[in-house]
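Engineer: Just passing along the structure, written as structure tokens.
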Amino acid sequence: MIEPVPGPVDAIGAAQESLGQALGLARAGEDRGLAAMVRDNGERLVRLIQGTLRLTRTHAQDNDAFAQPISELVLTLQTMSDLLGTLNLVVVEDLVYLNDIRIRMDGESSTLGADLRRHGVGGVSFNQPLDAAAWRTLVALVGGPPATPKPRPALQQRLIAEGLAHIELLGVFRFQTANETGRDPLGVAARAVAVLESSCDNLSHDRLPNPLPVRRLVAEILGSGSTTLDSGDSAASPYATHSYRVTQLALLIGAGVGLPDADMQDLGVAAMFHDVGYSGHEGATRTHPGYPPPFERHSTAGARLLLRQHGFHEAKIRRALCAVDHHLDFDDVGGTPSLFGRIVRIAEDFDNLVRPGGGALSPAIALGQMQVGACTRYDPTLFQLFVNAVGRYPPGTKLELADGTQVVVTSFARTPETWAQPTGLVIRGVHGVSRAGVKLDLARGAVVKRVVPD
Amino acid sequence: MTTEPELLDIAASELGEDQRLGGTPAAAAANAAVRALSRAARSFLIYEPHNEAIRIFLTAYQSAMTEALAFGPLDLDVRPFELVRAGEVVYLERDRDRSLAFRLFRDGVRTLSVQAEVPWEELLKLLEILSIRYTGVRQQEDDIVTLLWKAGFSKITVGAVEGFVPDEADDAGLGSSEVYRTSLGHTIPAGWDLPLPAPLRTGKVMYFAVPDEHLAGIRHEAAHGLPSMCLRLVRRLVRAVHDPLDPTALVDVLPVVEEIRDFFLSGGQPHWLAALLDILSELPAADQDRLFRSFADSAALTRIVRSFSRGVDDAPAELTALLERLPGDHLSSLMRLYLMEAQNTGHRRVLRGLIGHFAATRPAPLVQAIQAAPSELARDLLQLCVAIAPDAAPAAALGRVGDADPATRAVVLKILEGATSSPEVTQGLAQLFEESSGDIRLQVIAVIAARDERALFDALAERLERSGLAGVPDPEAEQIGFALAQLAPAQAAAVFARWLAPRGFLGRFIPMPGQRSQWWGAVAGFPLVPSPEAEGLIRGVLDNVDAPFRRHCLHALVRLRHAAKAVAP
């Protein structure tokens, strides 16, 4: 081995230094135990499923040859479910992912993808552990011939008929490359809400936080350029919808600051998880599951949940700090809240003031009320960026125009010049003329008469 | 000294070499660049970041990239085992563990384009990301796609898989099935996020362009605020621990505190650690003690030393002040660490400084460590001991008198030379005298004489009397002669006379075997202890010895005359 030398003295030495630090930080952020567990058990799970499916080609379903692998499958899935909750097993281009973590199949390709694709299936969500009988049923159905012409719905129906509705079959996936155009913002939003709900559900069941799926979706939100506040999912819980909207509003402020990509991603994930504390439990005993933390303690409860993720990572610190800071005033006696806390505070208050179940105020009125809190409740610079971004009449504001037409605002501020002239959809025409649903650009001569209170 | 090309060869053989490909000059250059990238990324598997090998690989990577980019942008298509540039395969490696192409492909990278004017910082960032993957770090927080995305490259374009999405042809995707859906209704309290903040009167909302200087401050906070964020988080959590209404317990806080501690330790900034200690000082005393001990355990000290050693020659004062605040036997830990980190001179310097600080008032562990240390380190520590705890140095030195290393013996001798007289010191000098050779032995004899170690008179005399046929070198015999004369002049005169007295008939004409050394020593020492018989005895041997000895005798006679004149009235 080549002997080590003392510290650096030049550019290459500085490079050594920075690489060493980066590797050190990366290692510090690694939860080796969890990574090894997911890798090892994930690989075992995939191999067992593959092997058991292979057996269906040569053995009858009641053959004893299934006993051993099926019992191992029961155990392996149980172990992983206890730790990770719902397991999303996805195969893309023969690469296997378990909850977004790629599973190494050392030395061989996975045949699972081919087995699943016969049924038009690209992945399976295991929402709960399976017993041996359930595994035998699943293996028999997947190993059997596909139905035509729609094999996946047919397979799903058969699972439901067998009492296995908790096994969710997912469609075929493809890789999405960077800078790909044509992403559906509402689709991204719907996925974000679904992943958020799933993450919070996992946390509420004392499983370890896994921010990676949320991070990927935040990256997708940022990549799609979507600024819609519509969660795209009418069935989503108000809580998840609120978290998604706060995320979008926080990202608007972050963009106004000019935060770099990495910080924007961290901010988005922090905003997604800002209210995660409500998913926790306080006062749990052996006989009672406890109760969700009240408003006063949901901030620290959120930090506790998020800090259960092992390993040091800047994003984790930011997230936890955002959770504990996001209701603090800008002039808090304990010192100025963190940047993400200040940003989310603005987004949080705004959405709470306008959302049903909250203040239910018109967005424009809510903005006016918040304005007075700049410098005391809100960081004045960040608040001004927020005002500049959402516009005089933020999306969702109902306006009555000078001619009596009522519109609901659909856009954020587009330019400084049209800051008070967003686009909108007509919700009520005048003189008995129904123009509902017609798009209006208020910059084209429309005069706002008043804000219609919600 | 091994040359750079030799080091590169050694390292390449340890890492394994990717396949060298031919083709057009541009392709060959691209091949060299990609191989250099692959090798540098892999090198962190077996070398510490500061190793000279890493430096060589980085240099090779930099220069190979420069040469490849002279042909224009490096636009690579990533295939499972190949990288292709303009239709030419420029990288081919079928070993999955070693293949850069395979790792990139497997992690979702499909194209990689490096523009000709790419700055070194971006090339380095690319290497960093690949190195993290090669070294097997599997982060929960980031994968290669998010790492590449966050890198914010301006001259490197990565066409990467950002994730998987439902195929357009398919009619349902992840989470879209209505068959089963996770329900959160039962876990979220009905009145979440209520009450709302107290309503304020309505203010006038206006557009106002925010000056960039205001934004620059916020961006700076985002870029450089991590240590402050860490401290704030800990402060908030400690406050929650103190809040009787909040169920947050110390056990919830400890893991992140330890992670932050390690982050600060790795960062080489003791003031952040000190600030963290300030915050944690609010905890109950028992918790503090348990927690604070972990700030300076072996693992922590290792991090401290490795991070603080960069570019410093001594332990920073703020670091010693920090350790002073922490409980624990730092000195023993530092000593163990010193022995472990022996190869790195930078680490050694800092450790030496820290040990010097803590051993000044409690030198026992230092003395103990000196006994167990290899020669080079023992020497270093002995010198440190002399500097900070001179009273403890002789005891430490006595433990090393049997050291085989002449340089260490020299240090030991130097310490014993100034030590207070004691039987142990005398015994140590005796052992040094017995077991040393050459210059060191000459120095030992001189020290014995200078310290007036009369107890060693017989040992010195016996050295010449029992030197056997080979005798001892003339300079040593001479030094012994001087020493004997200084230690006990009368006794020496008698010994010298006995040595020079003729022994039998032949002894009158030639020295008997082994007698030459005694003669030499006696001739050297006699002028210091003049006796009436001295001149006669010296003259008695004058005709029976070789020329150098004759000169030695004549010189002694001259000195005798001078001595006689000096005492004459």
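Engineer: Within the bounds of region A:24-37, is there any residue that is modelled with pLDDT of 75 or more and either under 34 Å from the mean Cα position of the chain (by Cα) or not assigned by TED's automatic domain parsing to the domain that holds A:ALA315 (or both)?
Structural biologist: Checked region A:24-37: at least one residue is modelled with pLDDT of 75 or more and either under 34 Å from the mean Cα position of the chain (by Cα) or not assigned by TED's automatic domain parsing to the domain that holds A:ALA315 (or both).
Engineer: Something else about it: Would you check if there is a residue in region B:496-512 being in contact with a Pro (Cβ under 9 Å, 6 or more places away or on another chain), buried (at least 16 other Cβ atoms within 10 Å of the Cβ) and either modelled with pLDDT under 85 or assigned to a helix (DSSP H, G or I) (or both)?
Structural biologist: no
Engineer: If I ask for residues that are under 21 Å from A:LEU252 (Cα atoms) and assigned to a strand (DSSP E or B), which ones from region A:392-412 would you list?
Structural biologist: To start, the set of residues in region A:392-412 that are under 21 Å from A:LEU252 (Cα atoms) comprises A:392-397, A:408-412.
Within region A:392-412, A:VAL408, A:VAL409 meet the criteria.
Engineer: Could you list, in sequence order, the residues of region B:139-164 that are at pLDDT below 65 and facing chain A (nearest Cβ under 8 Å)? Talk me through it step by step, then tell me what you get.
Structural biologist: Just the residues of region B:139-164 that are at pLDDT below 65, to begin with: B:139-146, B:161-164.
Residues satisfying the conditions are B:GLN139, B:GLN140, B:GLU141, B:ASP142, B:ASP143, B:VAL145, B:THR146, B:VAL161, B:GLU162, B:GLY163, B:PHE164.
Engineer: Across region A:251-267, what is the total count of residues that are under 16 Å from the mean Cα position of the chain (by Cα) and over 16 Å from B:GLY225 (Cβ atoms)? If you could, list the steps in order and put the result at the bottom.
Structural biologist: Filtering region A:251-267 down to residues under 16 Å from the mean Cα position of the chain (by Cα) leaves A:251, A:264-267.
Those left that are additionally over 16 Å from B:GLY225 (Cβ atoms): A:251, A:265.
Qualifying residue count, region A:251-267: 2.
Engineer: Please work out which residue is modelled with the lowest pLDDT, limiting yourself to region A:236-284 and to residues that are surrounded by fewer than 21 Cβ atoms within 10 Å (Cβ to Cβ) and within 15 Å of A:ASP201 (Cβ to Cβ).
Structural biologist: Checking each candidate, the answer is A:SER237.
Engineer: Given the conditions (1) surrounded by fewer than 24 Cβ atoms within 10 Å (Cβ to Cβ); (2) of a type in the set (Val, Ile, Thr); (3) closer than 20 Å to A:MET272 by Cβ, and given that A:VAL354 satisfies all but one, which numbered condition is not satisfied?
Structural biologist: A:VAL354 satisfies all of (1) surrounded by fewer than 24 Cβ atoms within 10 Å (Cβ to Cβ); (2) of a type in the set (Val, Ile, Thr); (3) closer than 20 Å to A:MET272 by Cβ except (1).
Engineer: For A:ALA389, work out the one condition from (1) in a helix (DSSP H, G or I); (2) crowded, with 20+ Cβ neighbours inside 10 Å it doesn't fulfil.
Structural biologist: Failing condition for A:ALA389: (2).
Engineer: What are the residue pairs meeting all of these: first residue in region B:89-100, first residue of a type in the set (D, E, K, R), second residue crowded, with 19+ Cβ neighbours inside 10 Å and at pLDDT 75 or above, Cβ atoms under 6 Å, and 6 or more apart or on different chains?
Structural biologist: B:GLU93/B:SER99; B:ARG96/B:PHE102
Engineer: Also, quick follow-up: Condition first: more than 10 Å from chain B (Cβ to nearest Cβ), not acidic (Asp, Glu) and not in a helix (DSSP H, G or I). Now tell me which residues in region A:332-359 satisfy that. Working first, answer last.
Structural biologist: Initially, region A:332-359 is screened for residues more than 10 Å from chain B (Cβ to nearest Cβ), giving A:332-333, A:344, A:346-347, A:350, A:354, A:356.
Subset that is not acidic (Asp, Glu): A:333, A:344, A:346-347, A:350, A:354, A:356.
Hits for region A:332-359 are A:VAL333, A:PRO356.
Engineer: Let me ask another. Quick one: would you say B:SER294 is out of contact with any helix residue (DSSP H, G or I) (no Cβ under 6 Å at 6 or more places or on another chain), modelled with pLDDT under 85 and among the hydroxyl-bearing types (Ser, Thr, Tyr)? Please lay out each step first, then the result.
Structural biologist: Details: out of contact with any helix residue (DSSP H, G or I) (no Cβ under 6 Å at 6 or more places or on another chain): yes; modelled with pLDDT under 85: yes; among the hydroxyl-bearing types (Ser, Thr, Tyr): yes.
Yes, satisfied.
Engineer: While we're looking at this one, here's another question. Return the total of residues in region B:363-376 being in a helix (DSSP H, G or I) and buried (at least 20 other Cβ atoms within 10 Å of the Cβ).
Structural biologist: Start the filter on region B:363-376 by keeping residues that are in a helix (DSSP H, G or I), which leaves B:364-372, B:375-376.
Now restrict to residues that are buried (at least 20 other Cβ atoms within 10 Å of the Cβ): B:366-367, B:369-370.
Qualifying residue count for the region: 4.
Engineer: Return only the number of the condition from (1) crowded, with 18+ Cβ neighbours inside 10 Å; (2) at pLDDT below 80; (3) away from every other protein chain (no Cβ under 14 Å) that A:GLN61 does not satisfy.
Structural biologist: (1)
Engineer: Find the residue count for region A:131-156, including only residues that are within 14 Å of chain B (Cβ to nearest Cβ) and either over 33 Å from the mean Cα position of the chain (by Cα) or among the polar types (S, T, N, Q) (or both).
Structural biologist: Looking only at that region, the number is 2.
Engineer: Then there's this: Test A:THR111 against the criterion of being more than 14 Å from every other protein chain (Cβ to nearest Cβ) and touching a helix residue (DSSP H, G or I) at 6+ places or on another chain (Cβ under 7 Å), and give yes or no.
Structural biologist: Working: more than 14 Å from every other protein chain (Cβ to nearest Cβ): yes; touching a helix residue (DSSP H, G or I) at 6+ places or on another chain (Cβ under 7 Å): yes.
Against the criterion (more than 14 Å from every other protein chain (Cβ to nearest Cβ) and touching a helix residue (DSSP H, G or I) at 6+ places or on another chain (Cβ under 7 Å)), A:THR111 qualifies.
Engineer: For region A:392-407, which positions are surrounded by fewer than 17 Cβ atoms within 10 Å (Cβ to Cβ) and touching a strand residue (DSSP E or B) at 6+ places or on another chain (Cβ under 7 Å)? Even if it seems obvious, please write down each step before you answer.
Structural biologist: Restricting attention to region A:392-407, the residues satisfying the condition of being surrounded by fewer than 17 Cβ atoms within 10 Å (Cβ to Cβ) are A:400, A:402-404.
Correct list: A:GLU400, A:ALA402.
Engineer: How about region A:408-427: which of its residues are under 25 Å from A:LEU385 (Cα atoms), in contact with a strand residue (DSSP E or B) (Cβ under 6 Å, 6 or more places away or on another chain) and in contact (Cβ under 8 Å) with a residue 24 or more places away in the chain?
Structural biologist: Within region A:408-427, A:VAL409, A:THR410, A:PRO422, A:GLY424 meet the criteria.
Engineer: Right, something else. Quick one: what pairs do we get from region B:408-424, first residue surrounded by 13 or more Cβ atoms within 10 Å (Cβ to Cβ), second acidic (Asp, Glu), C-beta under 7 Å, 6+ apart or different chains?
Structural biologist: That search, which allows pairs on different chains as well, returns B:ARG409/B:ASP403; B:VAL412/B:ASP403.
Engineer: Restricted to region A:208-228, and to residues that are more than 9 Å from chain B (Cβ to nearest Cβ) and among the polar types (S, T, N, Q), which residue is nearest to A:THR410 (Cα to Cα)?
Structural biologist: Filtering region A:208-228 for residues that are more than 9 Å from chain B (Cβ to nearest Cβ) and among the polar types (S, T, N, Q), the one nearest to A:THR410 (Cα to Cα) comes out as A:THR228.
Engineer: Would you check which residues across region A:250-281 are touching a Phe, Trp or Tyr at 6+ places or on another chain (Cβ under 6 Å) and hydrophobic (A, V, I, L, M, F, W, C) and list them? Spell out the reasoning first.
Structural biologist: Of region A:250-281, the ones touching a Phe, Trp or Tyr at 6+ places or on another chain (Cβ under 6 Å) are A:253, A:267, A:270, A:278.
Listed by number, the residues that qualify are A:ILE253, A:LEU267, A:ALA270.
Engineer: Continuing with the same structure: Across region A:360-386, what is the total count of residues that are buried (at least 20 other Cβ atoms within 10 Å of the Cβ), assigned to a loop (DSSP other than H, G, I, E, B) and among the hydroxyl-bearing types (Ser, Thr, Tyr)?
Structural biologist: 1
Engineer: Of (1) within 7 Å of chain A (Cβ to nearest Cβ); (2) out of contact with any strand residue (DSSP E or B) (no Cβ under 6 Å at 6 or more places or on another chain); (3) buried (at least 18 other Cβ atoms within 10 Å of the Cβ); (4) not acidic (Asp, Glu), B:VAL238 satisfies all except one. Which?
Structural biologist: (1)
Engineer: Checking the conditions here, which among A:LEU116, A:LEU130 is closer than 28 Å to A:HIS205 by Cα, free of Cβ contacts under 8 Å to residues at least 60 places away in the same chain, in contact with a helix residue (DSSP H, G or I) (Cβ under 9 Å, 6 or more places away or on another chain) and surrounded by 19 or more Cβ atoms within 10 Å (Cβ to Cβ)? Break it down into steps so the answer makes sense when it comes.
Structural biologist: On the way: A:LEU116 fails: closer than 28 Å to A:HIS205 by Cα.
Matching residue, one of A:LEU116, A:LEU130: A:LEU130.
Engineer: Select the helices (runs of 4 or more DSSP H) contained entirely in region B:212-272, then report the ones holding at least 1 residues which are within 19 Å of B:ALA296 (Cα to Cα) and touching a His at 6+ places or on another chain (Cβ under 9 Å). Outline the logic, then answer.
Structural biologist: Details: elements: B:212-224, B:226-242, B:250-267.
Ranges flagged: B:250-267.
The values are calculated or read from the model by the stated rules, or taken from the named source; none is laboratory data. Computed from a predicted structure; not experimentally measured. Backbone-built Cβ (ideal geometry, glycine too); neighbour counts: all protein chains shown.
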